[in-house]
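Colleague: One structure, pasted below without further comment.
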Amino acid sequence: MLFAVRMDVDLPRDLDPVVRQETVAREKAYSQDLQRSGEWRHIWRIVGQYSNVSIFDVASNERLHEILWGLPLFPYMTIEVTPLASHPSAI
Ligand SMILES: O=C(O)CC1=CCC(=O)O1
């Protein structure tokens, strides 16, 4: 099942810089593990924003929920999920 997911990150200005650095590093490792496994197919930066658009290929809605819930930056994100279907004009 394919999903487009938009993640908008909003880290508090007063967040401890060490916590910030560690959380961002854990987010990168978590994301790259899922990219290697094939569940996180694409991640694109939205130009000019601390946001990304990602494509996930997962077995179920529950699996996507589990992945998103486990993001180290999850407490600081607004997430929008769009389920995708094949387009009849796709070649
Ligand atoms: O920087 C972001 O867009 C948030 C993020 C998601 C996965 C990752 O490595 O960073």
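Colleague: Out of curiosity, is Ala90 of a type in the set (Gly, Ala, Ser), surrounded by fewer than 16 Cβ atoms within 10 Å (Cβ to Cβ) and assigned to a loop (DSSP other than H, G, I, E, B)?
Modeller: Numbers: of a type in the set (Gly, Ala, Ser): yes; surrounded by fewer than 16 Cβ atoms within 10 Å (Cβ to Cβ): yes; assigned to a loop (DSSP other than H, G, I, E, B): yes.
Yes: the conditions hold for Ala90.
Colleague: Looking only at segment 10-40, filter to residues that are surrounded by fewer than 15 Cβ atoms within 10 Å (Cβ to Cβ) and in contact with a Phe, Trp or Tyr (Cβ under 9 Å, 6 or more places away or on another chain); which one of those is farthest from Leu68 (Cα to Cα)?
Modeller: Ranking the qualifying residues of segment 10-40, first place goes to Leu15.
Colleague: So, one more: For the list (1) assigned to a helix (DSSP H, G or I); (2) surrounded by 15 or more Cβ atoms within 10 Å (Cβ to Cβ); (3) more than 13 Å from the ligand (Cβ to nearest atom), I need the number of the one condition that Phe3 fails.
Modeller: Checking Phe3 against (1) assigned to a helix (DSSP H, G or I); (2) surrounded by 15 or more Cβ atoms within 10 Å (Cβ to Cβ); (3) more than 13 Å from the ligand (Cβ to nearest atom), the one that fails is (1).
Colleague: Which count do you get for residues in segment 49-67 that are more than 10 Å from the ligand (Cβ to nearest atom) and either in contact with a Cys (Cβ under 7 Å, 6 or more places away or on another chain) or open to solvent by less than 20 Å² (accessible area, probe 1.4 Å) (or both)? Spell out how you get there, then give the answer.
Modeller: Going residue by residue through segment 49-67, those that are more than 10 Å from the ligand (Cβ to nearest atom) are 55-67.
So of that shortlist, the ones also either in contact with a Cys (Cβ under 7 Å, 6 or more places away or on another chain) or open to solvent by less than 20 Å² (accessible area, probe 1.4 Å) (or both) come out as 56, 58, 64, 67.
Total satisfying the criteria: 4.
Colleague: Would you tally the residues in segment 35-48 being under 14 Å from Met1 (Cα atoms) and near the ligand (Cβ under 9 Å from one of its atoms)?
Modeller: The total comes to 1.
Colleague: How many residues does segment 6-34 hold that are more than 13 Å from the ligand (Cβ to nearest atom), hydrophobic (A, V, I, L, M, F, W, C) and part of a helix (DSSP H, G or I)?
Modeller: Of the residues in segment 6-34, 2 are more than 13 Å from the ligand (Cβ to nearest atom), hydrophobic (A, V, I, L, M, F, W, C) and part of a helix (DSSP H, G or I).
Colleague: Condition check: part of a loop (DSSP other than H, G, I, E, B), touching a residue at least 24 places away in the same chain (Cβ under 8 Å) and either of a type in the set (A, V, I, L, M, F, W, C) or more than 19 Å from Arg36 (Cα to Cα) (or both). Does Leu64 satisfy that? Don't jump to the end; show me each part of the working.
Modeller: Numbers: part of a loop (DSSP other than H, G, I, E, B): no; touching a residue at least 24 places away in the same chain (Cβ under 8 Å): yes; either of a type in the set (A, V, I, L, M, F, W, C) or more than 19 Å from Arg36 (Cα to Cα) (or both): yes.
Considered against the rule, which asks whether it is part of a loop (DSSP other than H, G, I, E, B), touching a residue at least 24 places away in the same chain (Cβ under 8 Å) and either of a type in the set (A, V, I, L, M, F, W, C) or more than 19 Å from Arg36 (Cα to Cα) (or both), Leu64 comes out as no.
Colleague: For segment 74-87, how many residues meet the condition of being surrounded by fewer than 17 Cβ atoms within 10 Å (Cβ to Cβ), within 12 Å of Glu27 (Cβ to Cβ) and within 11 Å of the ligand (Cβ to nearest atom)?
Modeller: Of the residues in that region, 1 qualify.
The values are calculated or read from the model by the stated rules, or taken from the named source; none is laboratory data. Treat the numbers as computed from the prediction; the structure is a model and nothing was measured. Virtual Cβ from ideal backbone geometry, glycine too; neighbours counted across all protein chains shown. These accessible areas exclude ligands, DNA and RNA; they are computed on the full protein's heavy atoms, side chains included. Shrake-Rupley method; radii C 1.70, N 1.55, O 1.52, S 1.80 Å.
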